[in-house]
Amino acid sequence: MSKEESSKSNRRTTRSSAAAVLRDSGETKKTYHPHIPTLNDLVFGEDTISKEDLLSSFPGRHTQILELLNLLGPLNSPMLPLFVYGGTSSGKTSVILQTFRHLNRPFVYSSCRTCYNLRTLFESILNQLLLHQKDAGSGYLSAKRCEKPSDFVNFLREALVKVVNTLQGNPGKLSTKKLTGQGHGHMIYLIFDNLELVRNWDKSSSILPFLFNLHEVLNMNEVGFLFISNTSPDTYYSNVGYLEPIPVYFSEYTEDDLRQILSRNQTNQEMYSSFLSIVLGPFCRITRQVNELSIAFSSLYKTYREASGDLNNVPNESSKRARFSHFQPHIAPALNQIFKISSQPSELNNLKEPKRKGGSKKLGGFDSSEDLDFHMSTSAKYLLLSAFLASRNPATLDASLFDSTGGASSRKRKKRPSEKAIEQKEISEQELLMKGPGTFPLERLLAIFQCITSVAETSLEDVQDVVMDSRNEDSELMSDVLLQLSSLCNANFVVKGGSCPLEGSTRYRSTVSEDMASKVARSIKFPLSKYMYRR
């Protein structure tokens, strides 16, 4: 076949016909050139950045960046494991990756979101260290099949020794050539992102201590560990002893920080600044996550610019009032869209609404949400009710109030009380009234929370088809409960009541009145009175 004919060949030529053409022509062309991984792939792929560029890239994160640089230390300095935590969309992962880009040091990054179980996590780390790429040439297989933690420790130690020797300029038995343009030093860092998702894995109670213990098990000064999580270190405590990593906290962005972040890469800075002066304050009262704000502001900004005929015109003082009056009706729907919660009762309510008659009872939803003058997620409402019940009810009655059937038994033995029992009951009522709401430990709060949420999940079993569609959303009701508790404490709905010297744990107290708790319960159609102990 001539060159002209080969150039005119059809693009959709099959693999077998292409091979036949090569055999007939006697040519040995290579149509596929796979990428061969090297140790250069362990460093950040782009050019390094200066410290000033690193600090200027992340407004409001100067303190955390300087702390990370200090903890990582100078070149080739051993380090203790770090635990970087903070809320969602607070810049944890981006700051760490850009910090390693500035330092130009080799690292292995693994996310527990993409690595959805222990085996994929182990094999992802080993593939990066062994410079193995899963492609057609390797049959899309990993370098090592690893499922057991003991095997992972052995494979990891061997891989780390090879990488460290190569970084030190002593390849040994490696066939890899000496690294050119390598990251500085001979340290290698292992980064575990989205660590809070490990708690949903099988045998998570033993996996997390194992990951935290890797630093001591390997006992290699050339290896550093960084753990990134959306939850605080308190959520990872266990009975298994391990060296606690050094915490690095990423706090919420302030309003000024969000203004700097959102104003970046805007063509008309003055126009966008006037837009943020209107919308940023109300939105910051609900959320300070950059991803949620950027999505909401993208559509609102278009509406704001369309309020005037000239899109490039910067509003002056005389036109700001007219533009604000035109733009104000769009703010409230955008706020509701950010805090929109799709729960199982509300979805059933929407599906059953066309078939409902005027006098029929609603299945659920947020029909009484107008009674509340604040926004709160469904999970936070259940947690608030759990705290109220834990403070209101005696702990000795939990077994009878929250039984397996989902509440107090309807068939109680009627026993005529004696005069002495009535008198003792009145005395106990007065004592409890003088004491006020009682304190409770975290374990009791979580137990009540699990009981009342399970009742909410099983109360609509007669419509199985809709329940199956909403089960994935309801399964997330137990997620991030401790973050919700921290939010309730910050809002003074729940306060810390001190530590018990015998238990050694923090106790909490609910400050919510019965009227407020009833409003919250009505908003989610929860039978609060069924679980309250009436004295």
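All other residues with a Cβ under 13 Å from the Cβ of I96 taken together, and with Lys, Arg as +1 and Asp, Glu as -1, what is their net charge?
+2
What ranking do 240-246, 57-63, 161-167 get when scored by the average of other Cβ atoms within 10 Å per residue, highest first?
161-167, 57-63, 240-246
For Y189, enumerate residues with amide H under 5 Å from its amide H, sequence gap 5+ or separate chain, H modeled in the peptide plane.
Long-range HN contacts for Y189: F107, V108, G224.
Counting only other residues whose beta carbon sits under 15 Å from that of N291, what net charge do I get with K and R as +1, D and E as -1?
That sum, taken over residues with Cβ under 15 Å, equals +1.
Heavy-atom accessible area of I36 with all protein chains present, probe 1.4 Å, nearest 10 Å²?
Its heavy atoms expose roughly 130 Å² to the probe.
Ranked highest first by the average count of other Cβ atoms within 10 Å around their residues, in what order do 485-492, 205-212 fall?
205-212, 485-492
Mind grabbing the accessible area of K530 for me, 1.4 Å probe, Å², rounded to tens?
Per-residue accessible area (K530): approximately 100 Å².
What size of dipole, in debye to the nearest 20, comes out for the range 78-217 about its Cα centre when the only charges are +1 on Lys and Arg C-beta atoms and -1 on Asp and Glu C-beta atoms? It would help to have the intermediate numbers written out before the result.
Values: 16 positive and 9 negative charges, 70 e Å.
For the range 78-217, the charge dipole is close to 340 debye.
In square angstrom, rounded to the nearest 10, how much accessible surface does T88 have for a 1.4 Å probe?
Accessible surface of T88 is approximately 70 Å².
Compute the distance in nm between two label points, each set 7 Å from the Cα along the Cα-to-Cβ direction, one at N76 and one at R285.
5.8 nm
Full-extension gain between K530 and N492, please, as 0.36 nm times their residue separation minus the C-alpha to C-alpha distance.
My answer for the length gained is 11.1 nm.
Would you mind getting me the FRET efficiency between D41 and D202? Use the beta-carbon distance for r and R0 = 41 Å, nearest 0.05.
For R0 = 41 Å, the calculated efficiency reads 0.85.
Take each of the peptides 95-104, 67-76, 251-260, average the number of other beta-carbon atoms within 10 Å over its residues, and list them starting from the highest.
Most protected by this proxy first, the peptides run 95-104, 251-260, 67-76.
Let me check against my output: what whole-number percent is the relative contact order of the range 37-250, with C-alpha pairs under 8 Å and at least 6 apart?
34 percent
Tally Lys/Arg at +1 and Asp/Glu at -1 over every other residue whose Cβ is under 14 Å from the Cβ of C112; what's the total? Please report the intermediate quantities before stating the final value.
Working: positive: K92, R113, R119, R199; negative: E123, D193, E196, D202.
Taking every other residue near C112 into account, the sum is 0.
Just grab the label-to-label distance for N165 and R145, each label 7 Å out from Cα along the Cβ direction, in nm (one decimal).
Result: 2.7 nm between the two label points.
Which FRET efficiency value, to the nearest 0.05, is calculated for R119 and N221 with the Förster distance at 30 angstrom and r the Cβ-Cβ distance?
Calculated transfer efficiency: 0.55.
Which one of V290, S229, Y301 has its Cα pushed farthest toward the positive end of the charge dipole of the range 214-311, where Lys and Arg give +1 and Asp and Glu give -1 at the Cβ?
Checking the options against the dipole of the range 214-311, the answer is Y301.
The values are calculated or read from the model by the stated rules, or taken from the named source; none is laboratory data. Here the structure is a predicted model, which is why all the values come from computation and not from measurement. Neighbour counts are summed over all protein chains in view; Cβ atoms, including those assigned to glycine, are modelled from backbone coordinates with ideal geometry. Note: areas computed on protein heavy atoms with side chains; ligands, DNA, RNA excluded. Shrake-Rupley method; radii C 1.70, N 1.55, O 1.52, S 1.80 Å.
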